[in-house]
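Colleague: Below: one structure in structure tokens.
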Amino acid sequence: MKKKLIDWPTFIGAFILLIAVVIPLVIYPDAGKAFVNQANAFVTSNFGVLYLVMGLLIFAFLIFVSFSDHGHILLGDEGERPEFNTFSWAAMLFAAGIGSSILYWSVIEWAYYYQGPPFGIEPGSVEAIQWSTAYGIFHWGPIAWAIYTLPALPIAYFYYVRKKPVLKISEACRPLLGRTVDGPIGHIIDVLFMFGLLGGAGTTLALGTPMIAQGVSELTGFEVNLTMKTIILIVCTTIFALSAYSGLRRGIKFLSDINIWLALFLLAFIFIFGPTRFLIETTTNSVGILMDNFFKMATWTEPFGDIGAFEETGFPESWTIFYWAWWLVYAPFVGLFIARISRGRTIRQMVLGTMVYGTLGCVLFFGIMGNFGLYLQMTGAFDAIAFMNENGAPATIIEIINQLPLSKFMVFIFTILAIIFLATTFDSSSYILAAVVQREVVDEPIRWNRLFWAFALCILPLTLMFLGGLGTLQTASIVGGFPLIIIMFLLAVSFMKASTEDIRASEGYEPKTIHINRRKILERIRKRRKRQEDENQNNKS
Ligand code: NM2
């Protein structure tokens, strides 16, 4: 009976696609790399604008949805209370959507902007410093979180309102594509998303593992090498496989809660024992710069560089566009996950909650961790930039943390936190990958399936770590995620179509929360049709 539960074409399709991409990379690493890099340059330079426009449109769409009638729709049955309290909910969505990369980038992103600022600004100048504190927040801010939230809308709607027990991206396109989602098109949509996620996760591992290894090396005195990285990967995988295995209400919730407490502790510690006033002032200032320049940053394409009017920096392609593409490959997964945990909330609570808590969390990280590094740089206490140019980013990140009081203890906390952050993104990814390859998910996907994807997520980066080419996979997945732009559009239209139909059909709803009772609606429609038929009959006779 369980066999029927698995949707084999999607399961095998995702696997074959993955192998089809990985094998050539393993056999012809150099040619593969060159090809993937070219494809990446082609997509980001020719279609970069599409990513930027997509970001803005999604942002505007979600604001519209939250404040329209659709925002009042309750995801669940009448009078239902949220399944998780708001703290756990926010913790879980943050922990799922944000992996160890936030520890990496929040500490070091400013250093890149400081040296390579946008808008033709002089590197290292006061202006460059100001922008360097704002850009990180922008790339992890409201537009980015909006990209994450969009897929949650149709998925949560179909799961909790229309009560279809399917957690799949293809299913969410049904109102638009109709029966075609049951055929190859549906499988292609799901496989594409799974491929994006497997690769996006590769990016996270590629960044996270060397940083964790550096932390371990600082604490133990052992040198960073391949064996150490392999052990780290295996330990992390065991943690997240156990968590995914034990399920949403135990493992995943438990790890997310620890994750948030530990992160809050780290942030509070740096805030209190670091340069508190500098942190407050700089963060406030950078939020102001961001608000003032939100649209300028969201639309900057560096247009005149191409025609040789001035020297091109490639900033939009390497940062904003790359980031939107990276958030995009994670979006269906995070959307599925947000949908799954949002039972009992209204659409508005879900959408605004994700965008606000998500952004707030990132502002805290960038404001505290990033500006602490900047403070060290500007006071001359530690020349992070020179150190980075010499030793690379992971070593610099750990060295910045090492400048704190109780340095070894703080490096320890930071390293543990990075491991847990990695685990909380990966346990929920395994959970969702398992859900997508099932025809039906009543409550939770089956256990062996969750465990299988937990290991699948790690085996691929592990192999590539030995053979080289992890970076290539990272780029490949982001390029491969390109068709997701179209899928995002389908998801938005599907949601609007279905919920508008239902709202129109549920006459006399309470304006506070709209409770959609599908059975009653269908009954009403049937009665109306019957009445019309009777009338037609009467007219004829
Ligand atoms: N995003 C948030 O590695 C991670 O932290 C997962 C990365 C898309 C930049 C997500």
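Colleague: Considering only the range 317-343, state which residues are more than 17 Å from GLY480 (Cα to Cα), away from the ligand (no atom under 13 Å from the Cβ) and not polar (S, T, N, Q). Spell out how you get there, then give the answer.
Modeller: Going through the range 317-343, the residues more than 17 Å from GLY480 (Cα to Cα) turn out to be 319-320, 334-343.
In the following step, the residues that additionally are away from the ligand (no atom under 13 Å from the Cβ) were identified as 336, 338-343.
Listed by number, the residues that qualify are LEU336, ILE338, ALA339, ARG340, ILE341, ARG343.
Colleague: Still on this structure, I have one more. Quick check on the range 342-355. Is at least one of its residues within 30 Å of ILE503 (Cα to Cα), surrounded by 24 or more Cβ atoms within 10 Å (Cβ to Cβ) and among the small types (Gly, Ala, Ser)?
Modeller: yes
Colleague: From the list THR282, THR359, THR301, which one is under 23 Å from ILE137 (Cβ atoms) and modelled with pLDDT under 95?
Modeller: Working: THR282 fails: modelled with pLDDT under 95; THR359 fails: modelled with pLDDT under 95.
The unique qualifying residue is THR301.
Colleague: Is it fair to say LEU205 is in contact with a Pro (Cβ under 6 Å, 6 or more places away or on another chain), of a type in the set (A, V, I, L, M, F, W, C) and part of a helix (DSSP H, G or I)?
Modeller: Details: in contact with a Pro (Cβ under 6 Å, 6 or more places away or on another chain): yes; of a type in the set (A, V, I, L, M, F, W, C): yes; part of a helix (DSSP H, G or I): yes.
It is true that LEU205 is in contact with a Pro (Cβ under 6 Å, 6 or more places away or on another chain), of a type in the set (A, V, I, L, M, F, W, C) and part of a helix (DSSP H, G or I).
Colleague: Oh, and also: Given the conditions (1) of a type in the set (Asp, Glu); (2) in contact (Cβ under 8 Å) with a residue 40 or more places away in the chain; (3) over 26 Å from PHE421 (Cβ atoms), report the number of the one that ASP30 does not fulfil.
Modeller: (2)
Colleague: Which residues, taken from the range 194-242, are closer than 21 Å to ILE446 by Cα, buried (at least 22 other Cβ atoms within 10 Å of the Cβ) and more than 19 Å from the chain's Cα centre (by Cα)?
Modeller: THR237, ALA241
Colleague: In the range 382-404, is there at least one residue being part of a helix (DSSP H, G or I), under 20 Å from ILE258 (Cα atoms) and within 16 Å of the ligand (Cβ to nearest atom)?
Modeller: Initially, the range 382-404 is screened for residues part of a helix (DSSP H, G or I), giving 384-391, 393-401.
With the extra rule that they be under 20 Å from ILE258 (Cα atoms), the set shrinks to none.
So far as the range 382-404 goes, no, none of its residues is part of a helix (DSSP H, G or I), under 20 Å from ILE258 (Cα atoms) and within 16 Å of the ligand (Cβ to nearest atom).
Colleague: Among the numbered criteria (1) more than 20 Å from the chain's Cα centre (by Cα); (2) part of a helix (DSSP H, G or I); (3) surrounded by fewer than 23 Cβ atoms within 10 Å (Cβ to Cβ); (4) of a type in the set (Phe, Trp, Tyr), which single criterion is violated by PHE87?
Modeller: Tallying (1) more than 20 Å from the chain's Cα centre (by Cα); (2) part of a helix (DSSP H, G or I); (3) surrounded by fewer than 23 Cβ atoms within 10 Å (Cβ to Cβ); (4) of a type in the set (Phe, Trp, Tyr), PHE87 fails exactly one: (1).
Colleague: Consider TYR330 against the criteria (1) under 21 Å from the mean Cα position of the chain (by Cα); (2) closer than 19 Å to SER45 by Cβ: it satisfies all of them except one. Which criterion is unmet?
Modeller: That leaves (2) as the condition not met.
Colleague: For the range 75-88, does any single residue satisfy the condition of being modelled with pLDDT of 90 or more and touching a strand residue (DSSP E or B) at 6+ places or on another chain (Cβ under 8 Å)?
Modeller: yes
Colleague: Among the residues of the range 417-443, write down those that are away from the ligand (no atom under 16 Å from the Cβ) and within 21 Å of the chain's Cα centre (by Cα). So that I can check it myself, show each step before the final result.
Modeller: So in the range 417-443, the residues away from the ligand (no atom under 16 Å from the Cβ) come out as 434-443.
If the condition is that a residue be away from the ligand (no atom under 16 Å from the Cβ) and within 21 Å of the chain's Cα centre (by Cα), then ALA434, ALA435, VAL436, VAL437 are the ones that fit.
Yes/no per residue for (1) within 16 Å of the ligand (Cβ to nearest atom); (2) part of a helix (DSSP H, G or I); (3) surrounded by 24 or more Cβ atoms within 10 Å (Cβ to Cβ):
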| site | (1), (2), (3) |
| --- | --- |
| LEU103 | yes, yes, yes |
| ILE108 | yes, yes, no |
| PHE119 | no, no, no |
| PRO123 | no, no, no |
| ALA128 | no, yes, no |
| ALA146 | yes, yes, yes |
| ALA156 | no, yes, yes |
| LEU176 | no, yes, no |
| ILE189 | no, yes, yes |
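Colleague: Also, I was wondering about something else. Determine whether ILE16 is surrounded by fewer than 20 Cβ atoms within 10 Å (Cβ to Cβ) and under 30 Å from MET350 (Cβ atoms). Quick ask: steps written out before the conclusion?
Modeller: Numbers: surrounded by fewer than 20 Cβ atoms within 10 Å (Cβ to Cβ): yes; under 30 Å from MET350 (Cβ atoms): no.
Against the criterion (surrounded by fewer than 20 Cβ atoms within 10 Å (Cβ to Cβ) and under 30 Å from MET350 (Cβ atoms)), ILE16 does not qualify.
The values are calculated or read from the model by the stated rules, or taken from the named source; none is laboratory data. All figures in this text were calculated on a predicted structure; none of them were measured in a lab. Don't worry about glycine lacking a Cβ; one is built from the backbone with ideal geometry, like all the others, and counts go over all protein chains shown.
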